[in-house]
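*Asks:* This is the structure I want to talk about, given as structure tokens.
Since every read-out is calculated from the coordinates, none of them should be taken as a lab result. Note that the coordinates shown come from a computational prediction; the quantities given were computed from them, not determined experimentally. Cβ: placed from backbone, ideal geometry, glycine included. Neighbour counts: every protein chain shown.
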Amino acid sequence: MLIRIVRMTFRPDTIPAFLENFESNKHLIRNFPGCHHLELWQDHSEKNIFVTYSHWESEEALNKYRDSELFKSVWSFTKALFSEKAQAFSTKKLLEVES
């Protein structure tokens, strides 16, 4: 499994448009073949910073999504709202520490 983390910083006045667009597309993204999990986070202190956290079956599945018309339309809309360039990370879980 591949874990994808994308950190996005928005111009404050564009946050409602981002949230509305995310709300409209979240189920399409989550139900895209190979996507097993999707979360949207907001920074605790910097309210204009959001993070998407998603689990993908494989790098190939993520790349199929990134090549899709769904991604192209969502991403082109979203990146126009940024105040700085997004940061994206692809990771894998090594271990989980239990209590």
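*Asks:* Tally time: how many residues in the range 28-60 are of a type in the set (D, E, K, R) and assigned to a loop (DSSP other than H, G, I, E, B)?
*Replies:* The first filter runs over the range 28-60 and keeps only residues of a type in the set (D, E, K, R), leaving 30, 39, 43, 46-47, 57, 59-60.
Narrowing the set further to residues that are assigned to a loop (DSSP other than H, G, I, E, B) leaves 43, 46-47, 57.
Total satisfying the criteria: 4.
*Asks:* Please pick out the residue among ILE49, ILE3 that is farther than 15 Å from ALA80 by Cβ, out of contact with any helix residue (DSSP H, G or I) (no Cβ under 8 Å at 6 or more places or on another chain) and in contact (Cβ under 8 Å) with a residue 60 or more places away in the chain.
*Replies:* When all the criteria are applied, what remains is ILE3.
*Asks:* Could you look through the range 63-99, keep only residues that are assigned to a helix (DSSP H, G or I) and among the aliphatic types (A, V, I, L, M), and pick out the one that is surrounded by the most Cβ atoms within 10 Å (Cβ to Cβ)?
*Replies:* Within the range 63-99, the subset assigned to a helix (DSSP H, G or I) is 63-66, 69-79.
Imposing the further condition that a residue be among the aliphatic types (A, V, I, L, M) reduces the set to 70, 74.
Values: LEU70: 14, VAL74: 18.
Checked the range 63-99; the qualifying residue surrounded by the most Cβ atoms within 10 Å (Cβ to Cβ) is VAL74.
*Asks:* If I ask for residues that are under 12 Å from the mean Cα position of the chain (by Cα), closer than 25 Å to GLU59 by Cβ and assigned to a helix (DSSP H, G or I), which ones from the range 4-27 would you list?
*Replies:* Across the range 4-27, the qualifying residues are PHE22, ASN25, LYS26.
*Asks:* Of the residues HIS55, HIS36, which is touching a residue at least 24 places away in the same chain (Cβ under 8 Å), farther than 21 Å from ALA80 by Cβ and exposed (fewer than 14 other Cβ atoms within 10 Å of the Cβ)?
*Replies:* HIS36
*Asks:* Now for a separate question. Taking into account only those residues within the range 19-33 that are among the polar types (S, T, N, Q) and under 18 Å from ILE5 (Cα atoms), which is surrounded by the fewest Cβ atoms within 10 Å (Cβ to Cβ)?
*Replies:* So, considering only residues that are among the polar types (S, T, N, Q) and under 18 Å from ILE5 (Cα atoms), the one surrounded by the fewest Cβ atoms within 10 Å (Cβ to Cβ) is ASN31.
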